[in-house]
C-alpha cells in the first residue's frame with residue numbers, strides 16, 4: 001500500500017506509543033471493500049467545485065476520470081489526455097483526448113465533453129470552490145478528440161486542478177447540476193449506485209467497461225461501500241466485527257489506538273495537510289519589522305509542548321509540510337528561551353499588548369505562556385479587529401503560498417521585493433521541477449528570515465485497516481481506492 005507519512009522519529013515528538021503484545025494479524029478475502037466516514041462530514045452532493053469537504057476527491061476518482069491523474073508514486077501522469085502541447089508562454093494547452101473511452105451510460109467520451117466540463121468554470125461566480133475562475137478564460141474545440149484550454153496567465157496549479165476535475169457528459173452540463181451530482185455519470189472505474197446524504201452511506205459498483213486497467217490487471221473489488229458513523233468508537237466496533245475493512249482514528253484516544261493495534265489491525269499515520277503557523281503583521285511601523293524580534297518569538301515557542309497539547313501533531317521543522325514539493329531537511333526551529341529573552345531585552349519592544357487573531361483556541365494558553373516567558377504580552381484580538389499576529393492554519397499548500405502571501409490574504413503587509421519576485425515566478429512556472437526549486441527557495445527565505453510567518457506544528461491523522469489490504473494510496477487530501485484489493 002502506498003502511503004505518505006511522517007517519519008517515526010518525527011512522530012515520536014508528539015505521540016507517545018506503548019509497547020503491545022503481538023496479536024494475530026487480521027486479514028480478509030472478499031470482493032467488497034468497506035470503509036467509514038464521519039456523518040458530520042457528509043456531503044449533500046458530489047460536485048467538487050461547488051462543495052469542498054473531506055472525501056469529495058475520494059469519490060471523484062471512483063466515478064470519474066480526469067485529463068491528468070496521480071499515479072501510485074504520487075506523480076501526475078497523462079490520463080484522459082494522452083498528450084498535451086503547450087504554447088510558448090504557457091497560456092494555452094492542446095489536449096489530445098484518449099479514444100475508445102465510454103461513460104457509464106454507454107456513450108463515447110469525446111473532446112466535446114471535455115469542453116463542456118471546462119466551459120462551466122469560466123467566469124462562474126455561483127460555484128463556491130471554483131479554482132478555475134479568473135484563470136481559465138476559454139476553450140476551443142478542434143475536432144472530436146482535440147480541445148484547447150486557454151489561460152489568463154501561466155498556472156502553476158494546472159496539473160493539480162486537472163487531476164481533480166472529472167469529465168462529465170456534455171448533456172449533463174447546465175447552470176444547476178445538483179441533481180446530476182447526486183448520482184453522477186462519469187467514465188471512472190466505479191459507478192455510484194446508492195447515496196444517502198443524511199447517513200453518508202454510499203455504494204459503488206465496478207464499471208466492467210473501464211479502460212484504465214493495465215494489461216492483465218484484474219485484482220480489484222466488485223463493490224466499494226462507504227458507511228457513515230457518529231464517532232470513532234463505532235468505527236472500531238464495525239472493524240472488529242468484520243463489517244468494514246478501513247477506518248480513520250483521527251480523534252481517537254491513544255488507548256483506543258493501542259486497543260486496535262492489539263487486536264491485530266494495521267495502524268498508520270498520515271499528514272492531514274493542516275499546517276499551523278504564526279504570521280506577523282508588518283503594517284504601521286510594526287515591531288515585527290525587527291528580524292531579531294521575530295527570531296525571538298520563534299525561539300520561545302516550545303513546539304513540542306504545543307504538539308502534546310493539541311494531540312496527533314508533529315513539530316514543524318520547515319515553513320511547509322513534509323509532503324510539500326519545496327520541503328528540505330533542516331535542523332528545524334531552535335527552542336532557546338534564554339536567547340529569546342536576550343533578543344527581546346535588546347529590542348525596542350516595551351511590553352505593550354500584542355493582539356492575536358485566532359483561528360483555533362485549543363493551544364492558546366500554551367502559546368501565551370511560551371511568549372510570556374520571553375517577555376511578550378499576548379492578548380486576543382479586540383472588537384476593533386486590529387491585530388499584530390495571526391495564529392492560523394491552512395489546508396492547501398498552493399493557497400498558502402500564492403494567496404495568503406502573494407495576494408496578502410491576511411492583510412499583514414509583508415512587502416519584500418525578493419520574496420514577492422520568488423512568489424510571482426513560482427505561481428507562473430508550469431514546469432514541475434523548476435517550480436519545485438522555486439518553492440525550495442521561497443521556503444529557505446522564510447526559514448532564514450522568520451518572515452512573513454513561522455510554522456509551529458503539523459496535524460497528523462491515523463488509519464486502521466485489515467493487514468492484507470493493498471492497492472490503496474493515502475495522501476494528505478484524499479484516499480484513492482481505485483485499485484484496492486486483498487493480498
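The values are calculated or read from the model by the stated rules, or taken from the named source; none is laboratory data. These figures come from a predicted structure and were not determined experimentally. When we count neighbours, we look across all protein chains shown, and the Cβ atoms used for this are built from the backbone with ideal geometry, even at glycine.
Table: residues versus (1) in contact with a strand residue (DSSP E or B) (Cβ under 6 Å, 6 or more places away or on another chain); (2) at pLDDT 95 or above; (3) not in a strand (DSSP E or B).
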{"position": "400", "(1), (2), (3)": "yes, no, yes"}
{"position": "409", "(1), (2), (3)": "no, no, yes"}
{"position": "414", "(1), (2), (3)": "no, no, yes"}
{"position": "436", "(1), (2), (3)": "no, no, yes"}
{"position": "454", "(1), (2), (3)": "yes, yes, no"}
{"position": "459", "(1), (2), (3)": "yes, no, no"}
Which numbered condition residue 392 misses (of (1) surrounded by fewer than 13 Cβ atoms within 10 Å (Cβ to Cβ); (2) under 30 Å from residue 135 (Cβ atoms)): (1)
Which one of the conditions (1) at pLDDT 95 or above; (2) assigned to a loop (DSSP other than H, G, I, E, B) does residue 319 fail to meet, given that it meets all the rest? (1)
Can you confirm whether residue 202 is crowded, with 17+ Cβ neighbours inside 10 Å, assigned to a loop (DSSP other than H, G, I, E, B), touching a residue at least 40 places away in the same chain (Cβ under 8 Å) and in contact with a helix residue (DSSP H, G or I) (Cβ under 9 Å, 6 or more places away or on another chain)? no
Which of (1) over 19 Å from residue 49 (Cβ atoms); (2) assigned to a helix (DSSP H, G or I) does residue 114 not meet, given it meets every other one? (1)
Complete set of residues in region 316-333 that are buried (at least 17 other Cβ atoms within 10 Å of the Cβ) and out of contact with any strand residue (DSSP E or B) (no Cβ under 6 Å at 6 or more places or on another chain): 317, 318, 320, 322, 324, 326, 327, 333
Hits in region 355-376 (condition: within 15 Å of residue 288 (Cα to Cα) and within 29 Å of the chain's Cα centre (by Cα)): 356
